[in-house]
1. Given a Förster distance of 45 angstrom, what is the FRET efficiency for S346 paired with K109, based on the Cβ-Cβ distance and rounded to 0.05?
2. Quote the FRET efficiency, to the nearest 0.05, computed for M147 versus D339 with a Förster distance R0 of 45 Å and r equal to the Cβ-Cβ distance.
3. Please tell me which of these pairs span more than 23 angstrom C-alpha to C-alpha: K109/K318; K89/K269; K109/K269; K136/K318; K109/K283; K136/K269?
4. Each label point is 7 Å from the Cα along the Cα-to-Cβ direction; what then is the distance between the points at N253 and M285, in nm?
5. So what does T219 come to for accessible area, using a 1.4 Å probe and Å² rounded to 10?
Amino acid sequence: MHSSHISLPIFSPPKTLKSQFLSSLNPTPLPIQTRLLSTRPTLTIRSAVAIEKETPEDERPETFLRQSDDAAASLSSSSASSVRGRFEKMIREAQDSVCEAIEAVDGGKFEEDVWSRPGGGGGISRVLQEGNVWEKAGVNVSVVYGMMPPEAYRAAKGEGSAEGAKAGPVPFFAAGISSVLHPKNPFAPTLHFNYRYFETDAPKDAPGAPRQWWFGGGTDLTPAYIFEEDVKHFHTHRGERRGLGGIFFDDLNDYDQEMLLAFSTECTKSVIPAYIPIIERCKDMPFTERHKAWQQLRRGRYVEFNLVYDRGTTFGLKTGGRIESILVSLPLTARWEYDHEPEEESEEWKLLDACINPKEWV
């Protein structure tokens, strides 16, 4: 099994720490605060092979799977009994439970978009904006079929993947749940989680992209301020010693599918009990403009990480995915300042120090 590792926030360090993290600095001065709207951008994302255009739907279908899935995957008479079918069922149940928990705390309601594609697949996007507790909360599920270009295959498998040498497009199936929750209060942490299942179905003689499957995912906590008791709660819920970020795994296919499906299911069920108690403690804490400005700077770094480094975002853009769903993870507001340096030993500095120098929280 591939080893798990910690997913840490990206940040701009103070002068005393620069030598340890010079590569994170952005040389372009951007002293602005902007409102990030998930409207369709004017930038054209070109890919070697495009996924079919999505079609809005009025109702949620029982399944987004193609009817031919079972015949291709097994001798079972029901699509719900295949790994594809059970993973879709799991992520749709997780979407319901997370949204219900968020609405119970916030008092607001999610808006929902249901979409499908003519050749099979589709998704459900749910977004709560300008809520009482969350500035923006997005919880999406998708089941997608398509042909990915070689660069998207490398994005899905990792840039260093030896299988990334295939010259032609790769047939694929992908299902997943992805969520980012951005609270209003700067003392309440942002949460990101996603869990996914991939299959590629290249011809037997195709070089570099054999027929295979794998699971991936993770849950990470991204605070603007550290409350040690909250970080301990987040990590002790799963009985593991982790850093400030969270748990992350990818390319898992060394064990049988039943075990890895059960593991992914357990992870999705851990999200609410690990996160909601922290929000309950922090959502009404008083804060100043200085605290809010720091939160906005941290969100600027979050946007940078999401658009430049995140494998899920890269994969979606390179396969012509649904832009609204891909960019739902971005916060409504963020701030960028050139070479910002928090005062040494301040609470802001302590967050950066903890990111650079991980500690045992439990």
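1. Values: r = 38 Å, r/R0 = 0.85.
So, using R0 = 45 Å, E works out to roughly 0.75.
2. Calculated value: 0.55.
3. Values: K109/K318 32 Å; K89/K269 13 Å; K109/K269 21 Å; K136/K318 25 Å; K109/K283 18 Å; K136/K269 21 Å.
Pairs exceeding the cut-off: K109/K318; K136/K318.
4. 4.3 nm
5. 10 Å²
The values are calculated or read from the model by the stated rules, or taken from the named source; none is laboratory data. Keep in mind that what you see is a predicted model, and the values were worked out from it rather than measured. Positions of Cβ are generated from backbone atoms using ideal geometry, with glycine treated the same way; all protein chains shown enter the neighbour counts. Side chains are part of the model used for accessible areas, which takes the heavy atoms of the whole protein and leaves out ligands, DNA and RNA. Shrake-Rupley method; radii C 1.70, N 1.55, O 1.52, S 1.80 Å.
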